[in-house]
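Report on the following structure.
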Ligand SMILES: Cc1ncc(COP(=O)(O)O)c(C=O)c1O
């Protein structure tokens with residue numbers, strides 16, 4: 001009997017192959033200069049990231065959660081304010097609102113795209129609503145024409161959580177540039193990932209960038225290291241991470257192109273199976289962070305896939321408004337987010353996934369769906 005190789009959910013080792021010498025040179029340079037936090041690698045990456053996204057400023061931070069929290073604080077949003085947050089997101093989006101001292105107000109998502117829309121946000125508006133966070137989940141892009149109009153109409157600050165959408169576009173313009181601030185995570189598994197935790201904000205507002213920079217560095221003043229005009233936190237970007245990110249940024253567009261090709265392979269291989277993957281609309285340039293399908297009998301199908309060596313993930317099994325962490329908030333009835341949480345299944349997905357692996361996943365999935373009732 002031949003044992004088939006496991007198809008891993010992601011494969012960072014393959015992604016990094018061939019870049020080792022460049023990574024090692026960053027390590028050597030940091031050892032040589034002892035410039036561990038901030039410094040030339042951080043300055044360079046911030047400039048490159050701002051140029052890539054298309055904003056005047058980027059501020060490197062310790063992670064993507066802080067990026068959202070510090071963006072809110074810098075925009076003056078805090079205690080007494082409510083922030084609209086789609087319930088179908090990673091918990092960090094909501095956590096960041098709480099970290100800023102504000103209250104998340106969870107809203108439903110569109111049943112097809114699984115992303116936030118103005119129609120979902122409107123019923124949750126209250127006199128306390130100060131901001132809306134648009135999450136470009138799975139690398140897909142929310143309708144930014146509609147969401148920016150909605151935010152403007154209701155006088156809300158708009159923040160983009162682009163933690164899963166590095167380089168994605170709406171009508172040709174990169175995400176992160178539509179709201180007051182765009183927030184990115186560079187967690188290792190993201191489309192652009194560091195060798196540990198890292199994040200950044202982007203903005204065209206110099207004052208907001210300066211405030212976030214200060215907040216992330218103990219609220220320091222520019223002039224004097226031990227003068228603290230703001231009550232800040234420690235959320236700075238390390239030199240090693242910035243050096244790695246610059247190297248990986250030079251590869252990002254080709255990795256994104258590969259992701260798009262793998263997604264196209266999946267679309268073809270899974271056609272006719274009724275798996276309803278959320279698909280990007282015609283105006284959006286998705287960067288396909290994940291390949292998500294929807295399966296009614298998810299646990300049974302997932303177990304069969306695992307038995308055949310196909311690794312999968314679930315993003316996310318419990319919607320934010322049903323998490324114990326937010327049990328103090330009024331429970332909302334958000335049917336699309338709940339249906340998504342019950343059925344979404346993320347298939348193996350990374351830029352190096354071969355057509356053969358995609359076809360094997362599709363075959364196993366077809367058999368698993370056909371074996372219903374056995
Ligand atoms: C949608 C979303 N928002 C926020 C975050 C938080 O980023 P980090 O893990 O870097 O804090 C993540 C990633 O983990 C995410 O996927």
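Criterion applied to 71, 10 was being surrounded by 14 or more Cβ atoms within 10 Å (Cβ to Cβ), in contact (Cβ under 8 Å) with a residue 40 or more places away in the chain and touching a helix residue (DSSP H, G or I) at 6+ places or on another chain (Cβ under 9 Å), and the one residue passing it is 71. The condition of being surrounded by 15 or more Cβ atoms within 10 Å (Cβ to Cβ) and in contact with a strand residue (DSSP E or B) (Cβ under 7 Å, 6 or more places away or on another chain) holds for only one of 252, 290, 245, 240, that being 290. Of all residues in segment 168-212, those satisfying the criterion of being away from the ligand (no atom under 15 Å from the Cβ) and either assigned to a loop (DSSP other than H, G, I, E, B) or within 11 Å of the chain's Cα centre (by Cα) (or both) are 171, 172, 177, 178, 180, 204, 205.
Taking (1) surrounded by 16 or more Cβ atoms within 10 Å (Cβ to Cβ); (2) under 29 Å from residue 93 (Cα atoms); (3) assigned by TED's automatic domain parsing to the domain that holds residue 233 in turn, residue 30 satisfies each apart from (2). Among all positions in segment 213-229, there is at least one residue which is surrounded by 18 or more Cβ atoms within 10 Å (Cβ to Cβ), part of a helix (DSSP H, G or I), at negative phi and touching a helix residue (DSSP H, G or I) at 6+ places or on another chain (Cβ under 7 Å).
Residue-level analysis places residue 38 among those that are buried (at least 16 other Cβ atoms within 10 Å of the Cβ) and over 23 Å from the mean Cα position of the chain (by Cα).
The values are calculated or read from the model by the stated rules, or taken from the named source; none is laboratory data. Note that the structure is predicted; figures quoted are calculated from it, not measured. Please note: Cβ atoms are built from the backbone with ideal geometry, for glycine as well, and neighbour counts cover all protein chains shown.
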